[in-house]
Amino acid sequence: MLRSLVGSEMCIRDSPQHANTNVGAIALKRLACEPDPNSDNMMCATFKVGHCIQCPTFRFEGTGQSGHSAESLTEFVTDCVEHAFESSGENTQNDDYVCQDEGDLAKFDKFLSSL
């Protein structure tokens, strides 16, 4: 019987790396491991996907580096994340919620690579 390991982690991040206060991020990281047929080791692959969300109706207060309250993150999800994607079920972000600022996008890329 083959052994395998699959793990997933979802992250909702406020203003990654001091981005603008109306910017947040969501990300999913998945680790899948299975036995290497040529050795006693496991082979693992990591898959990451994330979205930088610029919210027209919400602002984080203060700095994201110290973290925000659960209420603030919940508000970001309800006010922004739930409206940021097309209702078709596709992974398509609505134009009004796509991060445009090059600095914010660079900070988001740094955040995603740090997962």
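The values are calculated or read from the model by the stated rules, or taken from the named source; none is laboratory data. Worth saying up front: this structure is predicted, and the values here are computed from it rather than measured. Cβ: placed from backbone, ideal geometry, glycine included. Neighbour counts: every protein chain shown. Keep in mind that these areas ignore ligands, DNA and RNA; they rest on the heavy atoms of the full protein, side chains included. Shrake-Rupley method; radii C 1.70, N 1.55, O 1.52, S 1.80 Å.
Worth pointing out:
- A 1.4 Å probe over all protein chains sorts LYS48, LYS29 by accessible area into LYS48, LYS29, starting with the largest.
- Förster-model FRET efficiency, 22 Å R0, GLN93 and ASN41, C-beta, rounded to 0.05: 0.05
- Difference of contour (0.36 nm per residue) and Cα-Cα distance, GLU82 to LEU105: 6.2 nm
- All aspartates and glutamates inside 13 Å of LYS29 as judged from Cα atoms, apart from same-chain residues fewer than 8 positions distant: GLU9
- Per residue, segment 31-115 exposes 64 Å² of accessible surface when a 1.4 Å probe is rolled over the protein heavy atoms with every protein chain present.
- The listed residues ASP104, ASP79, ASP40 rank as ASP40, ASP79, ASP104 when sorted by accessible area, largest first, using a 1.4 Å probe.
- Note on GLU61 and SER113: with the Förster distance fixed at 25 Å, the Cβ-Cβ geometry gives a FRET efficiency of about 0.40.
- Estimated at the nearest 10 Å², the accessible area of THR57 is 100 Å² with a 1.4 Å probe.
- Potential lengthening between CYS33 and CYS11 on full extension [0.36 nm per residue; Cα-Cα distance subtracted]: 5.8 nm
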